[in-house]
Amino acid sequence: MKKDFRTPLARVGGLGSAKSGTGHFWWQRMTAVANVPLVIAFVVILVSLFGRNQAAVQQILGTPLVAVIMLLFIGSITYHMRLGMQIVIEDYVHGEIARPFLIMTNTFFTIAVALAAAYAILKLSFGV
Amino acid sequence: MAEAKVRERPLSPHLQIYRWPLPMAMSIAHRVTGVALYFGTVFIVWWLLAVGSGPGGYARFTSFINSWFGRLILFGYTWALIHHMLGGIRHLIWDTGRGFEPNEREWLALATAVGSVSLTLLLWIVGYFVFGGAR
Ligand code: HEM
């Protein structure tokens, strides 16, 4: 007797390997689009800070416009890189323990990067 | 009951006679740069925290980034960023269903490679000569 009466299509319907279907793909594209202007802005900020002393860098990064751009940049790239790295892990790591372990580690790492960077940017704006 | 049928697929007869197609190299480069950028965010966090920690902490960061090794990492990071961005835009073009003809794929791959190298060099030239960053 067949255990599963669903068609092969019904069995995978809505489920990607991440068990969350198209949401992952969509957010990867959405953040990719957002990344383009944000990365360009980041590069411009970076180059214009080249060679300046600490006080100047702190002052420029702490201005509202630059700080908000930096926060958007950090938010977009960290979400994007978490989704991207998850795909890489799912492509190469198949162990029953190793895969969920690395996927969790990936989430922990990106959240730590996002919050540490956000904390640092806000500190520059608001002072100690 | 409907079963998925797996068709036999043709195999390449000559595995040793092979040139890496440029689009394939660029595809792999997109993944490698993505992963490099992922770990490189640690440097962005270090930089931002160092700025906030005052002149002493910032001096420690700049002495690293001004060393040849630090410069190499920074150069590599800017190249990876630009390469991944151009490669990403290529992906977004593909997502609209365009750019799949063989000559188009070849052209897009070449544009990614040449574009990323020239934009990175331009960026560093501007950084050094306009902003005088050699300090
Ligand atoms: C500059 C703008 C960027 C654009 C347009 C962009 C675009 C993309 C796209 C479209 C993908 C999916 C590729 C695929 O489906 O195979 C991707 C993957 C990825 N991206 Fe980005 N990205 C950008 C910036 C970044 C940044 C700043 C990081 C890291 C800090 C990053 C990390 C990754 C990673 C780890 C992947 C997964 C690589 C893979 O699956 O092969 N990206 N990117």
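The values are calculated or read from the model by the stated rules, or taken from the named source; none is laboratory data. For clarity, every value in this text was computed on a predicted model and none was experimentally measured. Ideal geometry is used to build each Cβ from the backbone, glycine not excepted, and the neighbour counts take in all protein chains shown. Note: areas computed on protein heavy atoms with side chains; ligands, DNA, RNA excluded. Shrake-Rupley method; radii C 1.70, N 1.55, O 1.52, S 1.80 Å.
Can you tell me which residue is nearest to B:Val35 (Cα to Cα) among those in the range B:75-98 that are within 13 Å of the ligand (Cβ to nearest atom) and of a type in the set (Gly, Ala, Ser)? Checked the range B:75-98; the qualifying residue nearest to B:Val35 (Cα to Cα) is B:Ala80.
If you filter the range A:88-100 down to residues that are of a type in the set (D, E, K, R) and open to solvent by 20 Å² or more (accessible area, probe 1.4 Å), you find that the one that is nearest to the ligand (Cβ to nearest atom) is A:Asp91. In the set B:Trp20, B:Trp79, B:Trp47, only one residue is more than 11 Å from every other protein chain (Cβ to nearest Cβ) and in a helix (DSSP H, G or I); that residue is B:Trp79. The condition of being open to solvent by less than 30 Å² (accessible area, probe 1.4 Å), more than 8 Å from the ligand (Cβ to nearest atom) and touching a residue at least 12 places away in the same chain (Cβ under 8 Å) holds for only one of A:Met70, A:Met85, that being A:Met70. Say whether the condition of being out of contact with any Phe, Trp or Tyr (no Cβ under 7 Å at 6 or more places or on another chain) and either in contact (Cβ under 8 Å) with a residue 60 or more places away in the chain or more than 12 Å from chain B (Cβ to nearest Cβ) (or both) is met by at least one residue in the range A:43-54. No, the range A:43-54 contains no residue that is out of contact with any Phe, Trp or Tyr (no Cβ under 7 Å at 6 or more places or on another chain) and either in contact (Cβ under 8 Å) with a residue 60 or more places away in the chain or more than 12 Å from chain B (Cβ to nearest Cβ) (or both). Sort out which residues of the range A:55-67 are in contact (Cβ under 8 Å) with a residue 40 or more places away in the chain, in a helix (DSSP H, G or I) and touching a helix residue (DSSP H, G or I) at 6+ places or on another chain (Cβ under 6 Å), and write them in order of number. Passing the criteria: A:Gln58, A:Leu61, A:Ala67.
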